[in-house]
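Heads up, the thing below is written out as C-alpha coordinates.
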Amino acid sequence: MARMFLNGQAMEGGPFHHHLKGAPLVMKTRTAPGHRFFSIGDRCPGLLPDPSVDTQIEGEVYEVPEEVLRDELLPTEPAELEFGIIKLEDGSASFSMVLRVGELETGKHKEITEFGGWRNYLKTLGRES
(Lines give C-alpha, C1' and ligand atoms only; values in the text may rest on other atoms or scores of the structure.)
Protein backbone atom coordinates (compact mmCIF):
# COMPACT_ATOMS: atom_id res chain seq x y z
CA MET A 1 0.00 0.00 0.00
CA ALA A 2 1.09 3.55 -0.72
CA ARG A 3 -0.01 6.42 1.48
CA MET A 4 -1.15 9.08 -1.02
CA PHE A 5 -2.17 12.69 -0.33
CA LEU A 6 -4.77 13.82 -2.86
CA ASN A 7 -5.78 17.44 -3.22
CA GLY A 8 -7.72 17.67 -6.48
CA GLN A 9 -10.07 15.81 -8.78
CA ALA A 10 -9.50 12.39 -7.16
CA MET A 11 -10.70 13.52 -3.73
CA GLU A 12 -14.00 12.20 -2.39
CA GLY A 13 -16.82 13.36 -4.69
CA GLY A 14 -14.43 14.39 -7.47
CA PRO A 15 -14.68 13.18 -11.08
CA PHE A 16 -11.50 11.05 -10.80
CA HIS A 17 -12.27 9.52 -7.40
CA HIS A 18 -13.34 6.26 -9.07
CA HIS A 19 -9.69 5.72 -10.11
CA LEU A 20 -8.94 4.89 -6.47
CA LYS A 21 -10.89 1.63 -6.88
CA GLY A 22 -12.21 1.76 -3.32
CA ALA A 23 -8.90 2.58 -1.61
CA PRO A 24 -9.71 3.55 1.99
CA LEU A 25 -9.63 7.14 3.18
CA VAL A 26 -7.16 7.41 6.07
CA MET A 27 -7.80 11.04 6.99
CA LYS A 28 -8.77 14.50 5.82
CA THR A 29 -5.83 16.76 6.57
CA ARG A 30 -3.57 19.51 5.31
CA THR A 31 0.02 19.73 4.25
CA ALA A 32 2.59 20.96 6.73
CA PRO A 33 3.35 24.67 6.37
CA GLY A 34 5.59 25.36 3.39
CA HIS A 35 3.54 24.62 0.27
CA ARG A 36 2.40 26.71 -2.66
CA PHE A 37 -0.53 25.63 -4.84
CA PHE A 38 -1.13 26.08 -8.56
CA SER A 39 -3.96 25.50 -11.03
CA ILE A 40 -2.93 23.45 -14.05
CA GLY A 41 -5.29 24.91 -16.66
CA ASP A 42 -8.16 24.73 -14.15
CA ARG A 43 -8.16 20.94 -14.77
CA CYS A 44 -6.26 19.95 -11.65
CA PRO A 45 -4.01 21.41 -8.96
CA GLY A 46 -0.31 21.06 -8.33
CA LEU A 47 1.58 21.41 -5.07
CA LEU A 48 4.98 23.03 -4.84
CA PRO A 49 6.93 22.54 -1.62
CA ASP A 50 8.42 25.91 -0.68
CA PRO A 51 9.91 26.38 2.80
CA SER A 52 9.80 30.17 2.40
CA VAL A 53 5.98 30.25 2.74
CA ASP A 54 3.86 29.40 5.75
CA THR A 55 0.81 28.02 3.95
CA GLN A 56 -0.98 24.69 4.23
CA ILE A 57 -3.17 23.03 1.60
CA GLU A 58 -6.24 20.87 2.28
CA GLY A 59 -6.47 17.30 1.05
CA GLU A 60 -7.18 13.67 1.81
CA VAL A 61 -4.83 10.75 2.50
CA TYR A 62 -5.67 7.31 1.11
CA GLU A 63 -4.01 3.89 1.44
CA VAL A 64 -3.71 3.02 -2.25
CA PRO A 65 -2.62 -0.44 -3.44
CA GLU A 66 0.51 -0.13 -5.57
CA GLU A 67 -1.17 -1.63 -8.64
CA VAL A 68 -4.04 0.89 -8.38
CA LEU A 69 -1.54 3.71 -8.05
CA ARG A 70 0.47 2.45 -11.04
CA ASP A 71 -2.38 1.37 -13.34
CA GLU A 72 -5.27 3.69 -12.45
CA LEU A 73 -4.28 6.86 -10.61
CA LEU A 74 -0.88 7.93 -11.95
CA PRO A 75 -1.81 7.56 -15.65
CA THR A 76 -4.58 10.16 -15.16
CA GLU A 77 -2.16 12.82 -13.92
CA PRO A 78 -1.10 15.59 -16.33
CA ALA A 79 2.46 15.85 -17.62
CA GLU A 80 2.97 19.04 -15.58
CA LEU A 81 2.99 17.00 -12.35
CA GLU A 82 5.34 14.36 -11.00
CA PHE A 83 5.23 11.82 -8.18
CA GLY A 84 6.82 13.21 -5.03
CA ILE A 85 6.86 13.15 -1.25
CA ILE A 86 5.41 15.90 0.93
CA LYS A 87 5.09 16.51 4.65
CA LEU A 88 1.67 16.57 6.32
CA GLU A 89 0.55 18.80 9.19
CA ASP A 90 1.08 15.96 11.69
CA GLY A 91 4.75 15.75 10.61
CA SER A 92 4.40 12.48 8.71
CA ALA A 93 5.38 12.01 5.07
CA SER A 94 3.10 11.06 2.20
CA PHE A 95 3.32 10.53 -1.53
CA SER A 96 1.63 13.26 -3.56
CA MET A 97 1.66 14.80 -7.00
CA VAL A 98 3.83 17.93 -7.14
CA LEU A 99 4.62 20.48 -9.80
CA ARG A 100 7.26 19.01 -12.11
CA VAL A 101 10.73 20.56 -11.91
CA GLY A 102 10.88 23.48 -14.35
CA GLU A 103 7.11 24.00 -14.58
CA LEU A 104 7.05 27.04 -12.32
CA GLU A 105 9.49 28.80 -14.64
CA THR A 106 7.15 28.40 -17.62
CA GLY A 107 4.76 30.95 -16.08
CA LYS A 108 1.76 28.99 -17.40
CA HIS A 109 0.22 28.03 -14.07
CA LYS A 110 -1.95 30.30 -11.95
CA GLU A 111 -0.97 30.42 -8.29
CA ILE A 112 -3.98 29.60 -6.09
CA THR A 113 -2.22 29.20 -2.74
CA GLU A 114 -4.45 31.86 -1.13
CA PHE A 115 -7.49 29.57 -1.47
CA GLY A 116 -5.96 26.85 0.71
CA GLY A 117 -7.48 24.04 -1.33
CA TRP A 118 -8.82 22.97 -4.71
CA ARG A 119 -12.50 23.03 -3.73
CA ASN A 120 -12.25 26.58 -2.43
CA TYR A 121 -10.64 27.63 -5.70
CA LEU A 122 -13.28 25.86 -7.81
CA LYS A 123 -16.04 27.77 -6.00
CA THR A 124 -14.56 31.01 -7.34
CA LEU A 125 -15.03 29.55 -10.84
CA GLY A 126 -18.63 28.58 -10.09
CA ARG A 127 -17.72 24.88 -10.11
CA GLU A 128 -17.75 22.08 -7.58
CA SER A 129 -15.50 19.70 -9.51
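The values are calculated or read from the model by the stated rules, or taken from the named source; none is laboratory data. Here the structure is a predicted model, which means the values were calculated and not measured. Positions of Cβ are backbone-derived with ideal geometry, glycine not excepted, and every protein chain shown enters the neighbour counts. Accessible surface areas use protein heavy atoms only, side chains included; no ligands, DNA or RNA. Shrake-Rupley method; radii C 1.70, N 1.55, O 1.52, S 1.80 Å.
Given the condition among the hydroxyl-bearing types (Ser, Thr, Tyr) and open to solvent by 60 Å² or more (accessible area, probe 1.4 Å), answer yes or no: does some residue in the stretch 102-120 qualify? Yes, the stretch 102-120 contains at least one residue that is among the hydroxyl-bearing types (Ser, Thr, Tyr) and open to solvent by 60 Å² or more (accessible area, probe 1.4 Å).
If you check GLY46, GLY34, GLY14, which single one turns out to be open to solvent by less than 70 Å² (accessible area, probe 1.4 Å) and either at pLDDT below 95 or touching a Cys at 6+ places or on another chain (Cβ under 7 Å) (or both)? Sole residue among the options that is open to solvent by less than 70 Å² (accessible area, probe 1.4 Å) and either at pLDDT below 95 or touching a Cys at 6+ places or on another chain (Cβ under 7 Å) (or both): GLY14. For the stretch 67-98, taking the residues that are of a type in the set (Ser, Thr, Tyr) and either at pLDDT 95 or above or closer than 15 Å to MET1 by Cβ (or both), the one that is most open to solvent (accessible area, probe 1.4 Å) is identified as SER92.
Only one of the listed residues (GLY107, GLY117) is closer than 17 Å to THR55 by Cβ and of a type outside the set (A, V, I, L, M, F, W, C). That residue is GLY117.
Yes/no per residue for (1) without any contact (Cβ under 8 Å) to a residue 24 or more places away in the chain; (2) on the phi > 0 side of the Ramachandran plot; (3) out of contact with any Asp or Glu (no Cβ under 9 Å at 6 or more places or on another chain):
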{"position": "GLU12", "(1), (2), (3)": "no, no, no"}
{"position": "THR29", "(1), (2), (3)": "no, no, no"}
{"position": "GLU66", "(1), (2), (3)": "no, no, yes"}
{"position": "LEU73", "(1), (2), (3)": "no, no, yes"}
{"position": "MET97", "(1), (2), (3)": "no, no, no"}
{"position": "GLY107", "(1), (2), (3)": "yes, yes, yes"}
{"position": "GLY126", "(1), (2), (3)": "yes, yes, yes"}
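Take the stretch 105-119 and flag every residue that is out of contact with any helix residue (DSSP H, G or I) (no Cβ under 7 Å at 6 or more places or on another chain), assigned to a helix (DSSP H, G or I) and more than 14 Å from ARG43 (Cα to Cα). Result: GLU105, THR106, THR113, GLU114. Do we find a residue being under 18 Å from TRP118 (Cα atoms), part of a loop (DSSP other than H, G, I, E, B) and among the polar types (S, T, N, Q) anywhere in the stretch 36-50? There is no residue in the stretch 36-50 that is under 18 Å from TRP118 (Cα atoms), part of a loop (DSSP other than H, G, I, E, B) and among the polar types (S, T, N, Q).
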